[in-house]
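Okay, so here's the structure we're looking at.
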Amino acid sequence: MIPFLNRAVNFSKRTALISNGKSFTYQDLIDQSDMVASNLLNSKKDLKEARVAFIVPPSFEYTAIQWGIWKAGGIAVPLCVLHPLPSLRYVLEDTQSETLIIHPDYWELLEPIFKELALDFIPLTNILKPFRKAILPDIDLSRRAMILYTSGTTSKPKGVVTTHANIEAQITTLFDAWDWSEEDHILNILPLHHVHGIINVMSCALWSGGCCEFLPKFDAEKVWDIFRSGRLDLFMAVPTIYFKLISFWENSNKSDQLEMSNACQGFRLMVSGSAALPVSVLEKWKDISGLTLLERYGMTEIGMGLSNPYRGERRPGHVGLPLPGVEMRIVDGENELVPEGTAGEIQIKGKSVFLEYWQKEEATKNAFTENGWFKTGDIALLSNSYYRILGRDSVDIIKSGGYKISALEIEEVLRTHPEIKECGVVGLPNEEWGEIVGASLILYSKDIDYKELTNWLKERLPAYKIPRQYIIQNNLPRNTLGKVTKNELKKLF
Ligand code: MLC
Ligand code: AMP
């Protein structure tokens, strides 16, 4: 049995999850995930790493399905509930999923591909229904457990494969570093197709015997209401969310502001990550809540790498030091260590580092040095004993609202528009979103209807990848080799 799931028996009567206003105990989760596993196995003994995709909003059912897939020996492929059909189809095809479990809200969206893709489409209710309990297979920790999609320097997102051992390492380092316990109650407002929501929030709570409460869609007013209930101990979010919570607080009347600020006194920890936390946000949040946000640094491929301390100085603008079990070095372009205080690429080793990019041998090989260091592509500097992230080595990677976006993927889609001859996509600094997507268009005609273009893009890309600012040009700036000079392009917006 997978140790993570086995721990649940120690907490069987405790509340594991709160979803849609209902509480579920660890025993409920054990029983329901056994049913999911039994339904998936049917008469098979082991799913043997078959990919089981599921599109289910954050909820008790989501977790029971994830655990059920693991218990049956499958690889969990959580789909993004905000993605349009082409993005979902890409993941289903790329993973060669055999099964797709569908929440009723997404049935209609997916219907067009039922006949095209050769996989089992299973309605949510069918996978949850009582079934003769199967004998569950023994799962070795070295087996593949999950595939999460992340954008990189290639156009299409890549599937990051983690094993059960990787997941356990990603959880336990945070369990130790941030003092998790069974008394902890956390609110999850993050999407459950990325590590931040899946590992840092949901899985850490469940490893600890604590309670994870879901709010499936972020809403500043609802989050503040839950804070005011006084039942939370922890909160974790991307900087954009803290920005939105601050805006809500600032637009409230004095007595509400006081109540909201008082409600923050009950928290033992609030964490920010997935993108750089502006010092102004950290400071405003401190004024409002009395709490210093703990900023940490992570990546889908490594889980969490660096963290400011739980106890001790949390330095604004810095991400602290490597977490327990994480080995880190800073190198130059030749993979040579740089002198202390010099900027270089972060490279990581440790049990939390992913196994491979799904069926991308070459990309996997290129992501590691010859002696096994994972090349993050993030540039950092050690300054006065704490690390500071300076940016990324690729201008083609954009971080917006905590989502990693490939400029190349957006360009590829824009180029298929009948009125667009050529284009260049860049990330533009933005206080609220970190960066917003900007696109320079070279058109066949003089002008373009932006509303029509946005609607056209919405059918092909998730909302967070859609450009928010456009310029029209006759030519893109290029260097002598003909490559678009993105840093020059940024200045033109
Ligand atoms: C949405 N909007 C954007 C946008 N996203 N505008 C600019 N840039 C973006 N990125 C617009 C929408 O089009 C809409 O506009 C309006 O904002 C509201 O949209 P929404 O979808 O309702 O937004 P909201 O729910 O407020 O989303 C904001 C958010 C979300 C911050 C809650 O982006 C989010 O959940 N981010 C978290 C992503 C995450 O978990 N990343 C972790 C990756 S793992 P209009 O005009 O249509 O009203 C990782 C590793 C690590 O990074 O270290 O953790
Ligand atoms: P993802 O691929 O979505 O997992 O995003 C990982 C990337 O988010 C990292 O490579 C960093 O570029 C960025 N990131 C995560 N945490 C931080 C942070 N605290 N500060 C700056 N960048 C961060």
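Computed values, structure above
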quantity: Filtered residues of the stretch 203-216 (kept if within 16 Å of the chain's Cα centre (by Cα) and either assigned to a strand (DSSP E or B) or within 16 Å of ligand 2 (Cβ to nearest atom) (or both)); calculated: 203, 214
quantity: Pick from the stretch 403-424, criterion within 13 Å of ligand 1 (Cβ to nearest atom) and open to solvent by less than 20 Å² (accessible area, probe 1.4 Å), ranking: farthest from the chain's Cα centre (by Cα); calculated: 410
quantity: Residues of the stretch 267-324 classified as over 30 Å from residue 152 (Cα atoms) and open to solvent by 30 Å² or more (accessible area, probe 1.4 Å), total; calculated: 12
quantity: Strands (runs of 3 or more DSSP E) lying entirely in the stretch 327-418 (those with 2 or more residues that are within 11 Å of ligand 2 (Cβ to nearest atom)); calculated: 344-349, 374-383, 386-392, 397-400, 403-406
quantity: Lone qualifier among 279, 319 - being touching a Pro at 6+ places or on another chain (Cβ under 6 Å) and within 15 Å of ligand 2 (Cβ to nearest atom); calculated: 279
quantity: Within the stretch 233-266, tally of residues that are among the basic types (Lys, Arg) and surrounded by 15 or more Cβ atoms within 10 Å (Cβ to Cβ); calculated: 1
quantity: Answer residue from the stretch 472-493, given it is open to solvent by 30 Å² or more (accessible area, probe 1.4 Å) and either among the aromatic types (Phe, Trp, Tyr) or in contact with a Gly (Cβ under 7 Å, 6 or more places away or on another chain) (or both) and is farthest from residue 89 (Cα to Cα) among those; calculated: 493
quantity: Residue tally, condition within 21 Å of the chain's Cα centre (by Cα) and of a type in the set (Asp, Glu), over the stretch 425-460; calculated: 3
quantity: Any pair with Cβ under 8 angstrom, 6 or more apart, that starts in the stretch 360-373 at a residue that is under 21 Å from residue 159 (Cβ atoms) and ends at one that is β-branched (Val, Ile, Thr); calculated: 363/154
quantity: Sole exception among (1) in contact with a strand residue (DSSP E or B) (Cβ under 8 Å, 6 or more places away or on another chain); (2) open to solvent by less than 10 Å² (accessible area, probe 1.4 Å) for residue 36, by number; calculated: (1)
quantity: Matching residues, the stretch 388-402, being open to solvent by 30 Å² or more (accessible area, probe 1.4 Å), out of contact with any helix residue (DSSP H, G or I) (no Cβ under 7 Å at 6 or more places or on another chain) and not acidic (Asp, Glu); calculated: 388, 389, 390, 392, 399
quantity: Some residue of the stretch 169-184 being assigned to a helix (DSSP H, G or I), surrounded by 22 or more Cβ atoms within 10 Å (Cβ to Cβ) and under 14 Å from the mean Cα position of the chain (by Cα); calculated: yes
quantity: Residues of the stretch 217-232 that turn out to be assigned to a loop (DSSP other than H, G, I, E, B), surrounded by fewer than 17 Cβ atoms within 10 Å (Cβ to Cβ) and on the phi < 0 side of the Ramachandran plot, as a count; calculated: 3
quantity: Condition check for residue 152: outside any helix (DSSP H, G or I), closer than 28 Å to residue 302 by Cα, among the small types (Gly, Ala, Ser) and more than 16 Å from ligand 2 (Cβ to nearest atom); calculated: no
quantity: Cross-chain or 6+ apart pairs with Cβ under 8 Å, the stretch 269-285 first and touching a residue at least 60 places away in the same chain (Cβ under 8 Å), then assigned to a helix (DSSP H, G or I) and within 12 Å of ligand 2 (Cβ to nearest atom); calculated: 271/200; 273/196; 273/200; 274/196; 274/239; 275/239; 276/239; 278/239
quantity: Given (1) touching a Pro at 6+ places or on another chain (Cβ under 8 Å); (2) within 16 Å of ligand 1 (Cβ to nearest atom), index of the condition residue 176 fails; calculated: (2)
quantity: The stretch 270-288, residues that are among the aliphatic types (A, V, I, L, M) and either in contact with a strand residue (DSSP E or B) (Cβ under 7 Å, 6 or more places away or on another chain) or more than 14 Å from ligand 1 (Cβ to nearest atom) (or both); calculated: 270, 271, 275, 276, 277, 279, 282, 288
quantity: Positions within the stretch 102-120 being under 16 Å from residue 78 (Cβ atoms), surrounded by 14 or more Cβ atoms within 10 Å (Cβ to Cβ) and not aliphatic (A, V, I, L, M), in sequence order; calculated: 103, 106
quantity: Candidates 144, 231 - the one that is over 17 Å from the mean Cα position of the chain (by Cα), more than 26 Å from residue 289 (Cβ to Cβ) and modelled with pLDDT of 95 or more; calculated: 144
quantity: Subset tally (residues that are closer than 19 Å to residue 393 by Cα, within 16 Å of ligand 1 (Cβ to nearest atom) and among the acidic types (Asp, Glu)) for the stretch 289-339; calculated: 1
quantity: Long-range neighbours under 7 Å by Cβ, at least six apart or interchain, first residue open to solvent by 60 Å² or more (accessible area, probe 1.4 Å) within the stretch 460-471, second more than 9 Å from ligand 1 (Cβ to nearest atom) and not in a loop (DSSP other than H, G, I, E, B); calculated: 460/86; 460/413; 469/428; 469/438
quantity: From 349, 365, residue being among the charged types (D, E, K, R), more than 16 Å from ligand 1 (Cβ to nearest atom) and over 23 Å from residue 405 (Cα atoms); calculated: 349
quantity: Inter-residue pairs, beta-carbon under 7 Å, first surrounded by fewer than 22 Cβ atoms within 10 Å (Cβ to Cβ) and in the stretch 149-168, second among the basic types (Lys, Arg), 6+ apart; calculated: 150/158; 150/404; 163/143; 163/144; 164/143; 165/351
quantity: Filter result (small (Gly, Ala, Ser) and either open to solvent by 10 Å² or more (accessible area, probe 1.4 Å) or closer than 14 Å to residue 182 by Cβ (or both)) within the stretch 199-216; calculated: 205, 208, 209, 210
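The values are calculated or read from the model by the stated rules, or taken from the named source; none is laboratory data. Since this is a predicted model, take the numbers as computed values, not measurements. Quick reminder, even Gly has a Cβ in these numbers, built from the backbone with ideal geometry, and neighbours come from all protein chains shown. Accessible surface is based on the protein model in full, side chains and every heavy atom, while ligands, DNA and RNA are left aside. Shrake-Rupley method; radii C 1.70, N 1.55, O 1.52, S 1.80 Å.
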